[in-house]
Amino acid sequence: MTPEAIDWDEDLPPATPEEEYQTLVRTLKRTDGFSLLFVECLPAEGKRLIEKVQADVSQKKIQVLALDKSVYNFYNIIEELPERDEINILFVTGLEYSLYEYEQEKRELGWESKDIYSYSWLGVPPVLINLNQQRERFRDNFNICFVFILPRFAVDYLIQRAPDFFDWRSSLFKLPMDRESLQAESMQACSERWKLEEYLALTPQERKEELMRIQTLIDEDRQTPEQKAELFFEQGLLYRSAEQYAKAIASFDKALEFKPDKHEAWYNRGNALDDLGRLEDAIASYDKALEFKPDLHEAWYNRGSALDDLGRLEDAIASYDKA
């Protein structure tokens, strides 16, 4: 009779974030030369992690490569780093920019989600193709321990779309943000008041960074429905400030899935519809906002303006009177 295989780790509790961090530190202290490490965490947690490692692994030369835009040839970026040969550990943040931009480009070309996430070479982001193709050159030419700080969705991309690179001389560490810190970070990304005017003042790069920050928070499994509603609402405001009205409407719709009585989302959804010239739909959205907050004078005023544009003057006057 063949004995059943025993998985000795099956009943072990998962490592705590502190235990995972200490394992990472021990690995970094032992590592000499080329290696690949991946840390799954939110960008804000990644910044704190790097600061802790710099203090705890002070005997090694540590640098940070913070990517703030989409890249294609990652190998060339490393090759051109100043004092590259002196670096022992290189933290890389922001690789997810290339993945978000890839998804956005494919959607604008009309690709559906199943096409974007297919595992054929036709559907692989260029930066990941480059990593797969250049993996031996990384080993042969760079005497560096690379530590990629990535949100969960980006780790999934690497596992599925860059397996030649990800599975090669690598380790994955998961450092989730605790629930209280996640809530605090989400609340900081959102505001008690509408921030459209502030978002209009952002540069395109600043707006992209804020969209990235909010999307990574949305992707967290442990978000509450209420917090997701707030995050999608902020995302909608950001898209509207960039005059991407269809995306803004889609974000407001997602917010309303989680919180159907969120009058701010109905109101701003109406504004985005008005921006697109969809006046009847805008009025219907203002009506929903007023259903939940009858004294929202901005909604009464914008509703009157939309009615005026439709030539429904008596109705417009009545709406202005309510405002």
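See the values below:
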| quantity | calculated |
| --- | --- |
| Helix 279-292 axis, angle to the chain major axis (alpha carbon atoms, nearest 10°) | 90 degrees |
| Spin-label pair Asp167/Leu313, simplified geometry with 7 Å Cα→Cβ offset, distance in nm | 7.3 nm |
| Gaussian network model of the chain, springs between alpha carbon atoms under 10 Å - residue of Arg312, Arg139, Arg240 with greatest fluctuation | Arg312 |
| Span from the the stretch 71-101 Cα centroid across to the the stretch 256-307 one, whole angstrom | 45 Å |
| Projected label distance in nm at Phe292 and Gln160, using a 7 Å step from Cα toward the beta-carbon | 3.2 nm |
| Sequence-distant residues sharing a close amide H with Phe173 (under 5 Å, placed H) | Phe38, Val39, Glu40 |
| Label-point separation in nm, Leu202 to Phe153, each point 7 Å along Cα→Cβ | 1.5 nm |
| Rel. contact order, % - alpha carbon contacts under 8 angstrom, at least six apart, the chain | 16 percent |
| J(HN,Hα) series, the stretch 138-151, from Karplus relation 6.51 cos²θ - 1.76 cosθ + 1.60, nearest Hz, glycine and proline x | 4, 5, 6, 10, 10, 8, 10, 8, 8, 10, 8, 9, 9, x |
| Nearest-20 debye value, the chain charge dipole, Cβ charges on Lys, Arg, Asp, Glu | 700 debye |
| Principal axes of the chain: Cα extent on each, largest first, Å | 79, 48, 47 |
| Listed residue pairs exceeding 20 Å between alpha carbons, taken from Lys29/Lys174; Lys47/Lys254; Lys29/Lys61; Lys195/Lys247; Lys288/Lys322; Lys69/Lys208 | Lys47/Lys254 |
| Folded to 0 to 90 degrees: helix 96-108 orientation relative to the chain principal axis, Cα | 50 degrees |
| Mean Cα-pair separation over length for the stretch 17-176, i.e. relative contact order, pairs under 8 Å, 6 or more apart, % | 44 percent |
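Rule-based calculations on the coordinates, nothing more; no lab input. The structure presented is a predicted model; accordingly, all values stated were derived computationally and were not measured. Virtual Cβ from ideal backbone geometry, glycine too; neighbours counted across all protein chains shown.
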